[in-house]
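Worksheet: the structure to be examined is printed underneath.
The values are calculated or read from the model by the stated rules, or taken from the named source; none is laboratory data. From a predicted model like this one, the values you see are computed outputs, not experimental measurements. Positions of Cβ are backbone-derived with ideal geometry, glycine not excepted, and every protein chain shown enters the neighbour counts.
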């Protein structure tokens, strides 16, 4: 008798699930335009609590400047990020200091790019890497990936932030 009840319940479940409406026509969304205006993304990294651009990162920024100089329809979006340590307020300020350090570097090399630069800070709100390790070395390595500035070159018509 138990087997009959289980079998009947199984059949009922199958009937219920098979009677669910299927979607014959799923509307497709063309997403080609979403990232079509994005040209280049570069990242530079910072030491803990610092907003100083390292020598190796200056070469990256010089390439960004050259690309922006070649294409006058390019905007430069600079977004500062921090690791998760510290208060929200502190990290928003530090992220802004990092983004402004990059902006200042670019303007020092080419003042004409100033009106094409947008700066913002995400603080610790958008980590590139989540830190789960109890191992101090692994945790520090993960934190270091979050202490960054993301530089995006975009078409002039549509600014995108990263």
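Assorted remarks:
- Residue count for segment 41-97 under the criterion of being touching a helix residue (DSSP H, G or I) at 6+ places or on another chain (Cβ under 9 Å), more than 25 Å from residue 124 (Cβ to Cβ) and surrounded by fewer than 17 Cβ atoms within 10 Å (Cβ to Cβ): the result is 4.
- Counted as qualifying within segment 56-162 are the strands (runs of 3 or more DSSP E) with 1 or more residues that are closer than 20 Å to residue 46 by Cα and free of Cβ contacts under 8 Å to residues at least 60 places away in the same chain, namely 117-123.
- Taken together, 80, 95, 86 contain a single residue that is modelled with pLDDT of 95 or more, on the phi > 0 side of the Ramachandran plot and under 21 Å from the mean Cα position of the chain (by Cα), which is 86.
- Qualifying residue in segment 132-143 (condition: surrounded by 13 or more Cβ atoms within 10 Å (Cβ to Cβ) and within 24 Å of residue 64 (Cβ to Cβ)): no
- Residue count for segment 35-55, restricted to those that are modelled with pLDDT of 95 or more and assigned to a loop (DSSP other than H, G, I, E, B): 9
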